[in-house]
1. Just for the chain, what percent of DSSP beta bridges are antiparallel, to the closest 5?
2. What base-10 log of the normalised intensity I(q)/I(0) is obtained for region 85-213 from the Debye formula, alpha carbons as equal point scatterers, at q = 0.10, 0.12, 0.15 Å⁻¹?
3. For TRP211, TRP63, which order do you get if you count the other beta carbons within 10 Å of each Cβ and list the fewest first?
4. How would region 1-123 be classified by its alpha-carbon gyration tensor: rounded, prolate or oblate, with rounded meaning a/c under 1.5 and the a/b versus b/c comparison settling the rest?
5. Who wins for biggest fluctuation among ALA68, ALA171, ALA101 in a Gaussian network model of the chain, springs between alpha carbons below 10 Å?
6. Hey, what angle do you get for helix 57-77 against the long axis of the chain, alpha-carbon based, 0 to 90 degrees rounded to 10?
7. For a quick check, take a GNM of the chain with Cα springs below 10 Å and name the residue from ASN166, ASN49, ASN11 with the largest mean-square fluctuation.
8. Compute the angle between helix 9-20 and the longest alpha-carbon principal axis of the chain, please, reported from 0 to 90 degrees and rounded to the nearest 10.
Amino acid sequence: MDGVVIDSEPNHYRAICEAIGEGMTLSYEDFLSRFAGRDERFAMGEMANELGIEYDEELFREWSQRKAAAYAQFVSEHAEPMPGAVDFVAAVARAMPVGLATGSRRSDVDSALRVLAGGRLEGLFKTIVTSDDVPETKPHPATYAKAVRDLGFEPADCIALEDSPNGILSAKGAGLRVIGISAMHGPEKLMDADRVVPDLRGASLETLYSWLDQVPLLD
């Protein structure tokens, strides 16, 4: 979702800043390089530790509620798709089942899909697996393992598109091949992917087939 389908990391950062309040001093660069691709419980806990804020379940729930409300507001004002992503997902979904495997919470996904590109992606995903649906989130493989099961395929028959090192670890751990999208983190951070492309601009189903031809089959 984040960094592949929607350019949402700025809104996630703004929403976390809103949730934490005046004590939030970590920069967007810190957030992007160290916490992107992780679920918000982990990210907020690590941020609280660095900021010297005592963190417990009550504070997490408070921050999470604030963050969800702020994110929904921000994304309603500005939801920017990643280059080529909406057309690519729509084209592939006409030919084969597509799933969404994300470290975001269900509420954030729903807020984004309602408004992104006028809601064009709503209903296209055969399964949506969020951090609310698995006991451990990315980089643990559970998110992708559940998405594959929901789609009814074997992991080796599926391919993941990922923008973060944690996402790549999750997909690889579940047995998928991975196309890295380097628009957010840069290709040097995605070396564990089977193939890295800059973005989905101009990509089509035929493009996907060409990528698959160049990605080795799993044993």
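1. On the way: 1 of 12 bridges.
Within the chain, antiparallel bridges account for around 10 percent of the total.
2. The computed values of log10 I(q)/I(0) come out as -0.29, -0.42, -0.69.
3. Ordered by Cβ neighbours within 10 Å, fewest first: TRP211, TRP63.
4. Prolate, since a/c reaches 1.5 and a/b exceeds b/c.
5. Among ALA68, ALA171, ALA101, the largest GNM mean-square fluctuation belongs to ALA68.
6. Around 60 degrees separate the two axes.
7. Its mean-square fluctuation being the largest, the pick is ASN49.
8. So the inclination is approximately 20 degrees.
Since every read-out is calculated from the coordinates, none of them should be taken as a lab result. Only a predicted model underlies this, so the values are computations on that prediction, with no experimental measurement involved. Reconstructed Cβ throughout: ideal geometry from the backbone, glycine too, with neighbour counts over all protein chains shown.
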